[in-house]
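The values are calculated or read from the model by the stated rules, or taken from the named source; none is laboratory data. Since the structure is predicted, the reported quantities are computational estimates derived from the model, not experimental observations. Quick reminder, even Gly has a Cβ in these numbers, built from the backbone with ideal geometry, and neighbours come from all protein chains shown.
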Amino acid sequence: MTTQPHLTTRRCFLAQGSKLTAAAFAAPWIARAAERKGSVLETKVISQQPEFYHGWPTVARRRNGELWVTWSGGRESHVCPFGQVQAMTSRDDAATWTWPRVLLDSATDDRDSGVIETAKGTLIVTTFTSLAYEEHLKKASVFAVPSPKGWVSQGMPPEQLAKWQAAHARLSDAERKAELGHWGIRSTDGGLAWSTRIATVVNSPHGPIQLKDGRLLYAGKKLWAKERKIGVAESKDDGLTWQWLAEIPTRKGDKGSSYHELHAVEAADGTLIAQIRNHNEANSRWTLQSESSDRGRTWSEPHPICYGFPSHLLRLHDGRLLMSYGYRRPPFGNRARTSSDNGKTWGEEIIVSADGLNGDLGYPSTVELADGTLLTVWYEGMKAPKLAVLRQAKWRLQ
């Protein structure tokens, strides 16, 4: 079966390695200390359906201690028409997880899923719909895995092609285009019942955050607008409606279209910090950072932090900030850094995992358990099973 390089997309990886400029290393916000490992207590696979590809999860901890993980499940591969938003929960600090439950399954591909509990106790789960699979359907090829030369696509067997065609036929061309969007669903009873979809203006893998002033803030990208801007949307009614708040500026020399997959956090001093996946030539495949000191109305020009993407941000109980991010070059895995000065500078790199097979992994998110242990969840393609799984690590800061 012949293979051919796949066209570059926001998730397609260029040749392994990154060219780092001297100017980047001189930046005061980039840590220059040697790498060190965190104190990893346990790493294990937590997904329970090896027949499906699992992608782009988020973990959240409710005030009652219950853990939620949501992700794009029911999949055949990294790109396919079958994605659906799934969830499972844990009431024993991730020692065990419930059987997966489907929360949302549209007539097209439902991808990256975020989850949050708001100050009012509402659960909000986010996702976006995509037609990226159409390119592969036209070529009768399936999105495969990354190789040293980039992503490769393999020819699709006739029975698989028929399955894709049947899924594609569920909607007309006009209906498929109308289906594209960024969405949220809400539950006000602890996840028993869920609302219909709500348009969220922007999307990013890990969804919105709760602010101290009661608003929800969603740092993300307008995926399907004519101008695919990055910025922040806000909700003043617990996620029932969303409004565009502000654009995050583009760094001089960059293209805004090459910014992706944001996440935000509110620091202890009230500063809002947004981190951005960057695919511009300067600091390619790095995380950039922008700040706001006026509740999200204006934002600073992005500046580089470190290699790795996308990032998830968390404020720890002691006020420090934690960024968790995928590391898609050897040794493949997930890493983290902390900030003790409200995001002005970031400390040395902490290795959460480094046993990855290739770059089809990451999108880590982290929560802090009651005893201070950190729980990080990500997706990863492993030697076995054949399709990507969900993994978790319990670890402590040294």
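Taking the range 370-398 only, how many residues are more than 18 Å from residue 313 (Cβ to Cβ), surrounded by fewer than 21 Cβ atoms within 10 Å (Cβ to Cβ) and aliphatic (A, V, I, L, M)?
So the answer is 4.
It is to be established whether one or more residues within the range 134-150 are in contact with a helix residue (DSSP H, G or I) (Cβ under 6 Å, 6 or more places away or on another chain), surrounded by fewer than 16 Cβ atoms within 10 Å (Cβ to Cβ), of a type in the set (A, V, I, L, M) and within 26 Å of residue 381 (Cβ to Cβ).
yes
Only one of these conditions is not met by residue 70: (1) farther than 20 Å from residue 176 by Cα; (2) over 17 Å from the mean Cα position of the chain (by Cα). Which number is it?
Failing condition for residue 70: (2).
Within 18 Å of the chain's Cα centre (by Cα) and crowded, with 24+ Cβ neighbours inside 10 Å, is that true of residue 334?
Criteria met by residue 334.
Only strands (runs of 3 or more DSSP E) wholly contained in the range 196-309 count here; list those with 2 or more residues that are under 29 Å from residue 104 (Cα atoms), of a type outside the set (S, T, N, Q) and modelled with pLDDT under 95.
none
Which ones in the range 311-328 are touching a Gly at 6+ places or on another chain (Cβ under 6 Å) and not in a strand (DSSP E or B)?
328 - this is the single residue of the range 311-328 that is touching a Gly at 6+ places or on another chain (Cβ under 6 Å) and not in a strand (DSSP E or B).
Quick check on my filter: what residues within the range 345-398 are among the hydroxyl-bearing types (Ser, Thr, Tyr), closer than 23 Å to residue 264 by Cβ and more than 20 Å from the chain's Cα centre (by Cα)?
345
Which strands (runs of 3 or more DSSP E) sit wholly inside the range 25-118 and have at least 2 residues that are at pLDDT 95 or above and either charged (D, E, K, R) or within 28 Å of residue 346 (Cα to Cα) (or both)?
39-45, 53-61, 67-75, 114-117
Answer yes if at least one residue in the range 162-174 is in a loop (DSSP other than H, G, I, E, B), of a type outside the set (Gly, Ala, Ser) and surrounded by fewer than 20 Cβ atoms within 10 Å (Cβ to Cβ), and no otherwise.
yes
Looking at the range 197-224, which of its residues are of a type in the set (Val, Ile, Thr) and surrounded by fewer than 24 Cβ atoms within 10 Å (Cβ to Cβ)?
Hits for the range 197-224 are 198, 201, 209.
Do any residues in the range 378-391 that are among the acidic types (Asp, Glu) have Cβ atoms under 7 Å from those of residues that are outside any strand (DSSP E or B), where the two are at least six apart or on different chains, and which pairs are they?
380/356; 380/388
Read through the list (1) more than 20 Å from residue 52 (Cβ to Cβ); (2) crowded, with 16+ Cβ neighbours inside 10 Å; (3) out of contact with any Asp or Glu (no Cβ under 6 Å at 6 or more places or on another chain), then give the number of the only condition that residue 122 fails.
(3)
Which of the residues belonging to the range 324-350 are of a type in the set (S, T, N, Q) and under 18 Å from residue 57 (Cα atoms)?
Answer for the range 324-350, where residues must be of a type in the set (S, T, N, Q) and under 18 Å from residue 57 (Cα atoms): 324, 334.
Tell me yes or no: at least one residue of the range 48-70 is among the polar types (S, T, N, Q), in contact (Cβ under 8 Å) with a residue 40 or more places away in the chain, closer than 27 Å to residue 165 by Cα and surrounded by fewer than 20 Cβ atoms within 10 Å (Cβ to Cβ).
yes
Do we find that residue 324 is hydroxyl-bearing (Ser, Thr, Tyr), touching a Leu at 6+ places or on another chain (Cβ under 8 Å) and over 30 Å from residue 392 (Cα atoms) in this structure?
Considered against the rule, which asks whether it is hydroxyl-bearing (Ser, Thr, Tyr), touching a Leu at 6+ places or on another chain (Cβ under 8 Å) and over 30 Å from residue 392 (Cα atoms), residue 324 comes out as no.
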